[in-house]
Structure formats: C-alpha cells, structure tokens
Amino acid sequence: MRILDTTITIGAPPEAIWAVLTDFARYEEWNPFIRRGEGEAVNGSTLTLDIEPPGELRRTHRPVVLAAEPGRRLVWLGRIPVLLAGRHEFVLEPDGAGTRLRQREEMRGLLVPFLRRVLDHTEDGFVAMNHALKRRVEG
C-alpha cells in the first residue's frame, strides 16, 4: 500500500472550491494533472478522467464516485481488479484563512511496489493541481 497526501489552503469558501472541483468538463481549462474530465459528482456515477502526471503518459481512468458531499468531500475509486486500486479523496475544511483542501489517494494492489516512479510523479501532479485550483478559485 502507498498513500499520497497533499494539502493547500485556498482563500475561498468550500462551496466556491467545490463548484470548480466538480466541473469536470472545464478541467482542460486549468488542470495540469487531470487534463480532461467527464461525468457528475454523484454517488455511484462513473467519471472519465484523462490523467497525466508530470513526466508520464496521459491515461484514461474511469473511477466510480463513492461519496459526493457538496462543499465537504468527494471520493472516487479506480481499479484494475487484484492488480491496482486507488481510492482518491478530496476533503474541504473551513479554516481561518479560507478552506483547507486535502487531496489524498490510497493505492493498493500487486502493482504498487513496481510503480514507485509513477506514484512519485502522481504526487507531484496532485501538488500542481492543488496550486492550479487555488489560482482558478482565487483568480
């Protein structure tokens, strides 16, 4: 198992961040990590996400939304049975400076030990996405 965990504070209320975070169709305008998105932030729905970690090839993923709590939390699960499963979570928590965004992914499966470089680049992609989201919401 490997956990990727990043945070950033955004000077805006959770609802403003949620609106940008869940507008998947506009990801290509601002998101350097998830280059394209389709779908809705609704429990049980399937998203289509083109993910491109820095230095890696773009790949299409089709995770299922496990939780969509507007202004609070978005969770999805992408998986290749037995080989790899990634539980991705965004948590929005109000704080004195705006909202703390936590972007976290728990990776499990037989392939995890062989994906160290890709997962390092993926974590870099989370950081880039967090900063781009901050610019988009605050800009």
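The numbers here are math on the coordinates, done by the rules we state, and not lab data. Because the structure is a prediction, the values reported are computed rather than measured. A quick note on method: Cβ atoms are made from the backbone with ideal geometry, for glycine too, and the neighbour counts reach across all protein chains shown.
Things worth noting here:
- Listed by first and then second residue, the pairs linking a residue in the range 104-126 that is closer than 13 Å to residue 78 by Cβ to a residue that is assigned to a helix (DSSP H, G or I), with Cβ atoms under 8 Å apart and 6 or more places separating them unless they lie on different chains, are 105/122; 105/126; 107/119.
- Applying the criterion of being under 22 Å from residue 17 (Cβ atoms) and basic (Lys, Arg) to the residues of the range 34-71, the residue that is surrounded by the most Cβ atoms within 10 Å (Cβ to Cβ) is 36.
- Scan of the range 72-90 for residues that are surrounded by 17 or more Cβ atoms within 10 Å (Cβ to Cβ) and under 24 Å from residue 131 (Cβ atoms), ordered by number: 73, 74, 75, 76, 78, 86, 87, 88, 89, 90
- Residue in the range 103-110 that is of a type in the set (Gly, Ala, Ser) and over 22 Å from residue 9 (Cβ atoms) present: yes
- Among the candidates 58, 35, 26, residue that is free of Cβ contacts under 8 Å to residues at least 40 places away in the same chain and within 13 Å of the chain's Cα centre (by Cα): 35
- Looking across the range 1-22, just one residue is outside any helix (DSSP H, G or I) and free of Cβ contacts under 8 Å to residues at least 60 places away in the same chain, and that is 22.
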